[in-house]
Amino acid sequence: MQKKMAYSFPDEVLEQVFSFIQSDKDRNAVSLVCKSWDEIERWCRRKVFIGNCYAVSPRMVIRRFPEVRSIKLKGKPHFADFNLVPDGWGGYVLPWIAEMAGAYPWLEEIRLKRMVVTDESLELIAKSFKNFKVLVLFSCEGFSTDGLAAIAASCKNLRELDLRESEVDDLSGHWLAHFPETCTSLVSLNISCLRSDEVSFSALERLVGRCPNLRSLRLNRAVTLDKIANILRRAPQLVDFGTGYYAAELQPDVFSNLAGAFSSCKELKSLSGFWDVVPAYLPALYSICPRLTSLNLSYATIQSPDLIKLVSHCPRLQRLLVLDYVEDSGLEELASSCKDLQELRVFPSDPFGAEPNVSLTEQGLVAVSLGCPKLRSVLYFCRRMSNAALVTIAQNRPNLTRFRLCIIEPKTPDYLTLEPLDVGFGAIVEHCKDLRRLSLSGLLTDHVFEYIGTYGKKLEMLSVAFAGDSDLGLHHVLSGCESLRKLEIRDCPFGDKALLANAAKLETMRSLWMSSCAVSFGACKLLGQKMPKLNVEVIDETEPPDSRPESCPVDKLYIYRSVAGPRFDMPPFVWTMDEAVRILH
Amino acid sequence: MSSENGKRLLETDAGGLNFEATELTLGLPGEPRVTSDGGAKLGSKRGFSETVDLKLGDNNQEVKLGHSLQEAAKSPVSKTQVVGWPPVRGFARRGKKSCKYVKVAVDGAPYLRKVDLEIYNSYQQLLTSLEDMFSCFTIRNYLNEKKIDQVNGIEYMPTYEDKDGDWMLVGDVPWQMFVESCKRLRLMKSSEAVGLGLKTAPKYSSTN
C-alpha cells in the first residue's frame, strides 16, 4: 500500500495565509520560496509600490500581478523639488493609466508622487475604474480643475482626494460642484494647494455636510476665517484639519464662533494651513491644543512669542513644522513642553537673505535634542553650526532615524573653530545606528564620507551638496553604505573613478543623481555600455554632450536601475547612454 | 581640484578609455576577480588608492583650513543665487505673503523654466539669475548696455508680456511695477527684438 504525503497546503489556504502579509518586502520574500508560492502570491497581490516609474514597464507589472487594486508610483527624482530637473523631463502617468484601464478594471487606489498628470489621465481614471476610491497626487503637476471635475463627477465611491503640494491649473472653483448629491463617501479631501481665490464655498459646505465619514479636510487659501466655523460645525468628527486663510480683523463674535466650532471637534488631532495668521485668533484653538499631536505652522508668519504661547498649550505634540521665527527661545520652550515630540521641521523664513533675520542657531536644535527623548526625525535650516553641537545632538539622540541639516550658506565651517563639520556629522552616523536618511551641509571634506561609509550601515538615502574633495569621498559612500537606495549629489568634485569602480553597486540602488560634478561624458557612455540593467541618462540643456570632448564633465546625470530598458519619452535635452538607443536618437 | 585630476588621468590613457589598466574594472557578474583575497571590493579599493594620487594628510588639511579662514574673513555683501539652493520647495514659498511665478521662455530652447519674481529685489538680480539658469546664452543687460559674459555669441533681449498682453522690454518701468504687471518672460533673440516696436530708452537707472 502506498501512502500519499501531502506536501503542501491547498492553494486557497495559502492564499488566505498570504492575505495577512501586507508588506512588500515580505511578499517579495514569499514569492521567492518556490514556484507555486510565487504563482499563488502574484495572483493575490493587491498592492504594488513602484519607487521609480521607469524601473519597470506597466505591461511587466500587469503581467506579473494581474489582480492589483492599489498602485503607488513615483516619477521625478527628489531634486526636482528644487528646480534642478528641467520641465519636460518625464514622469508621465498616462501610459500607466492607459494600460491599467484595460487590465485592472477593479483598480481602487492610485497614489502618485512627482509625476506629470494630465486632465486626459484624470478623465481616463474617471471612466475606467468603476470602484475607484483613492486618488493621491503628491507634488504632481500638469492638470487642471477640469480633470478634477471629471473625477468628482464620475467616482461614485470616492473616499480620498488628496492633492497635497501639487501644481494645479486652477481654472475654476466650480469643479467642487461636480460631486453629485449622492456622494457621501468622502473620508479625506485635501485641496490646500489650489491657489485661486475662488472656491465654490456653498458646494464645499454641502459636500462636507453630507459626508459623515470625513476625517481629514484641508482647505485652501480661498476659504476665509469667518467661513471656517461653518465648515467645522458640519464636520465635528474631523481628525485632521487644514485651515484656509487665518487672518481677519479681530471681531469678538467671529472669534467666539470660531472657538466654539473648534471646541466641538472632539477628535481633532492634527492642524495645518494657517496662511497669514493673525495671532489674536490663535487662542481660538486652545480648547483643542491639549489633544493635538501634529501641527503644521510652516506657512504661519508669526513671531516667537506667539508661537511659544501656542506650543506651550500642546503637551501631546508629536510632530511640529514651523518657520525659523520660532527662534532658539521657542525651541527651548518646545523642548520643555512637548516631551512626546518625534518629528521637528524648521524652515527658513528668508532663505535667500544674506544676513540672518531671526535668532535661530544650532542652540535651538541642541535644546530639542536634549529635551525630547522620542525625537526621531529632524529637518533643520539654520545659518551656523558647530561640531560640538552636532556631537551633543548625536549623543543625546541616538534614536534619530532621519537627520537633514541645511546650513544655508554653502561650505560654512564650524563657526567656533572654523574647521570642517566632518567630526560632527561623523558623530551623527556613529551614534545614530538606525539612521536611514541623512542630508549634509556646511564645509565638509572627504573625511565625512569616510565616517558615513564606516558607520552608515542602515543609511538608505543620502543628500550631498558642495562637499568633499575628491573621488575618494564618493567611493567611501558607494563602497561602505550597504543599505543605500538613493543618493543625490550636487556641486561636488566627484568624477569618474569612484563611479566606475562601484558600478555594480548602482544596480543595488534605486537611483543616483549627480549634478554640477565632474563625471565625464566618456565615463557615462562606458557605464551605459557595460551595465545594461542601468539606465544612464545625461541631462544637458545647452548642447548635446557628444558635441564636446569625451573628457568634458556632464551637467547632470541620473542613473537608475531598470528592467524595462531605456525609456523613449525623453525630451531633447536628455540623452540615454544605452548605446543602441543613442545611435538612433 | 579633483576634476582636474580626473582629466589628467583620462588624458594619459593611450587612445580611448583604458580603465582595465588602472584596475578600476567594472567587474561584470560572473567574471573572475583579479585579487587573490577574493574580495573585489578590496581589490578595487587597493587599485583605487594606487592609481589616485590623493594625499588626505595634514598638508591638504592645512591648505583647506587656511582657505576656509580666508573665506570666513570675507563678509558676503551681495548674495549670488545658486539654482536650487537652499533646498526649499519652489512654489511653497514660506514666510512670504505671496509669490509671483512666471514662465520664462528662451528663443531656441525647447523647454520652459519658471521663476518667482518675488524673490528678487532688482532687475540686476533677476537677470543674473536668468543668466545662471540659461547659462549658454548671453543676456543683453539693457539697463546699462553692458554685455554679460558671452558664451556662444548670440545675444538675447529680455522681454516680458504685461497685463495688457503687450510685449515690453525688461527694464522699462520701476521694478515693483514690473513685478506686478509681468505675466511671463521671453528671452528674445536680439535680431528679432529690433523689429518690435519696443521702447528704446529705458527711463530707469541701473541702481534699480
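Being aromatic (F, W, Y) and not in a helix (DSSP H, G or I) is the filter here; which residues of the range A:152-203 pass it?
A:F179, the sole residue that qualifies.
Can you tell me which residue in the range A:73-88 is farthest from the chain's Cα centre (by Cα), limited to those that are more than 9 Å from every other protein chain (Cβ to nearest Cβ) and either acidic (D, E) or not in a helix (DSSP H, G or I) (or both)?
Checked the range A:73-88; the qualifying residue farthest from the chain's Cα centre (by Cα) is A:V85.
Out of the residues in the range A:333-349 that are in contact with a Gly (Cβ under 7 Å, 6 or more places away or on another chain) and farther than 18 Å from A:F274 by Cα, which is surrounded by the most Cβ atoms within 10 Å (Cβ to Cβ)?
Applying the filter and picking the extreme gives A:A335.
Of A:E450, A:E430, A:E409, which residue is in a loop (DSSP other than H, G, I, E, B), among the acidic types (D, E) and at negative phi?
Sole residue among the options that is in a loop (DSSP other than H, G, I, E, B), among the acidic types (D, E) and at negative phi: A:E409.
In the list A:L207, A:L217, which residue meets the criterion of being of a type in the set (A, V, I, L, M, F, W, C) and under 22 Å from the mean Cα position of the chain (by Cα)?
A:L217
For the range A:409-437, name all the residues that are of a type in the set (A, V, I, L, M, F, W, C) and either crowded, with 24+ Cβ neighbours inside 10 Å or more than 14 Å from chain B (Cβ to nearest Cβ) (or both).
Within the range A:409-437, A:L421, A:F425, A:A427, A:I428, A:V429, A:C432, A:L435 meet the criteria.
Being touching a strand residue (DSSP E or B) at 6+ places or on another chain (Cβ under 7 Å), at pLDDT below 90 and not β-branched (V, I, T) is true for just one of A:L219, A:L171. Which residue is that?
After applying the criteria, what remains is A:L171.
So which residues in the range A:381-400 are touching a Lys or Arg at 6+ places or on another chain (Cβ under 8 Å) and surrounded by fewer than 19 Cβ atoms within 10 Å (Cβ to Cβ)?
A:P398, A:N399
Residues in the range A:340-359: is at least one over 26 Å from the mean Cα position of the chain (by Cα), away from chain B (no Cβ under 13 Å), in a helix (DSSP H, G or I) and farther than 22 Å from A:F403 by Cβ?
No: the range A:340-359 contains no residue that is over 26 Å from the mean Cα position of the chain (by Cα), away from chain B (no Cβ under 13 Å), in a helix (DSSP H, G or I) and farther than 22 Å from A:F403 by Cβ.
How many residues are in contact with a strand residue (DSSP E or B) (Cβ under 7 Å, 6 or more places away or on another chain) and part of a loop (DSSP other than H, G, I, E, B) if we restrict to the range A:63-72?
Number of matching residues: 3.
I'm told A:R59 meets every condition in (1) closer than 30 Å to A:E181 by Cα; (2) away from chain B (no Cβ under 14 Å); (3) surrounded by fewer than 22 Cβ atoms within 10 Å (Cβ to Cβ) except one. Can you identify the failing condition by its number?
Of (1) closer than 30 Å to A:E181 by Cα; (2) away from chain B (no Cβ under 14 Å); (3) surrounded by fewer than 22 Cβ atoms within 10 Å (Cβ to Cβ), only one is false for A:R59: (1).
Within the range A:6-41, how many residues turn out to be of a type in the set (K, R) and surrounded by 16 or more Cβ atoms within 10 Å (Cβ to Cβ)?
Residues that pass the stated criteria total 1.
Evaluate the range A:507-518: report whether one residue or more is within 9 Å of another protein chain (Cβ to nearest Cβ) and in contact with a Pro (Cβ under 6 Å, 6 or more places away or on another chain).
yes
Mind checking which residues of the range A:477-496 are within 7 Å of another protein chain (Cβ to nearest Cβ), surrounded by fewer than 24 Cβ atoms within 10 Å (Cβ to Cβ) and not in a helix (DSSP H, G or I)?
A:P493
Can you name the residue in the range A:137-151 that is part of a helix (DSSP H, G or I) and either aliphatic (A, V, I, L, M) or free of Cβ contacts under 8 Å to residues at least 12 places away in the same chain (or both) and, of all such residues, is surrounded by the most Cβ atoms within 10 Å (Cβ to Cβ)?
A:L148
How many residues are more than 13 Å from every other protein chain (Cβ to nearest Cβ), over 12 Å from A:G528 (Cα atoms) and aliphatic (A, V, I, L, M) when one looks only at the range A:553-574?
So the answer is 2.
Are any residues in the range A:62-109 surrounded by fewer than 18 Cβ atoms within 10 Å (Cβ to Cβ) and polar (S, T, N, Q), and if so, which ones?
A:S70, the sole residue that qualifies.
Those residues that are more than 26 Å from the chain's Cα centre (by Cα) and surrounded by 24 or more Cβ atoms within 10 Å (Cβ to Cβ), I need them from the range A:315-332; list them, please. I'd like the intermediate steps shown before the answer.
Step one: list which residues in the range A:315-332 are more than 26 Å from the chain's Cα centre (by Cα), which gives A:315, A:328-330, A:332.
Selection gives A:G330 alone.
Looking at the range A:299-339 only, could you name the residues that are in contact with a Pro (Cβ under 7 Å, 6 or more places away or on another chain) and part of a helix (DSSP H, G or I)?
Residues satisfying the conditions are A:D306, A:D324, A:S337.
Report, by residue number, each residue of the range A:438-496 that is of a type in the set (V, I, T), farther than 24 Å from A:E550 by Cα and within 24 Å of the chain's Cα centre (by Cα). Walk me through how you get there before you give the answer.
Going residue by residue through the range A:438-496, those that are of a type in the set (V, I, T) are A:445, A:448, A:452, A:454, A:464, A:477, A:489.
In the following step, the residues that additionally are farther than 24 Å from A:E550 by Cα were identified as A:445, A:448, A:452, A:454, A:464, A:477.
A:I452, A:V464, A:V477, listed by residue number.
Quick one: in the range A:224-282, which of the residues that are within 14 Å of another protein chain (Cβ to nearest Cβ) and either among the aliphatic types (A, V, I, L, M) or more than 20 Å from A:L307 (Cα to Cα) (or both) is surrounded by the most Cβ atoms within 10 Å (Cβ to Cβ)?
It comes out as A:V277.
Kindly provide the set of residues from the range A:451-478 that are out of contact with any Gly (no Cβ under 8 Å at 6 or more places or on another chain) and acidic (D, E), ordered by number.
A:E460, A:D469 - these are the residues of the range A:451-478 that are out of contact with any Gly (no Cβ under 8 Å at 6 or more places or on another chain) and acidic (D, E).
Looking only at residues in the range A:300-339 that are among the hydroxyl-bearing types (S, T, Y) and either in contact with a Ser or Thr (Cβ under 8 Å, 6 or more places away or on another chain) or under 20 Å from A:L268 (Cα atoms) (or both), which one is nearest to the other protein chains (Cβ to nearest Cβ)?
A:T301
Would you mind stating whether B:E131 is surrounded by fewer than 17 Cβ atoms within 10 Å (Cβ to Cβ) and either assigned to a helix (DSSP H, G or I) or at pLDDT below 80 (or both)? Before you say what the answer is, go through the steps one by one.
Working: surrounded by fewer than 17 Cβ atoms within 10 Å (Cβ to Cβ): no; either assigned to a helix (DSSP H, G or I) or at pLDDT below 80 (or both): yes.
So B:E131 does not fit the description; no.
Can you tell me which residue in the range A:522-552 is farthest from the other protein chains (Cβ to nearest Cβ), limited to those that are under 24 Å from A:D87 (Cβ atoms) and touching a helix residue (DSSP H, G or I) at 6+ places or on another chain (Cβ under 6 Å)?
Filtering first and then ranking leaves A:V538.
Using the structure shown, decide if A:S172 is more than 21 Å from A:G51 (Cα to Cα) and hydroxyl-bearing (S, T, Y).
Taking the combined requirement at face value, the residue satisfies it.
The values are calculated or read from the model by the stated rules, or taken from the named source; none is laboratory data. Computed from a predicted model, the values in this text were never measured in an experiment. Every residue, glycine as well, gets a Cβ built from its backbone with ideal geometry; the counts of neighbours run over all protein chains shown.
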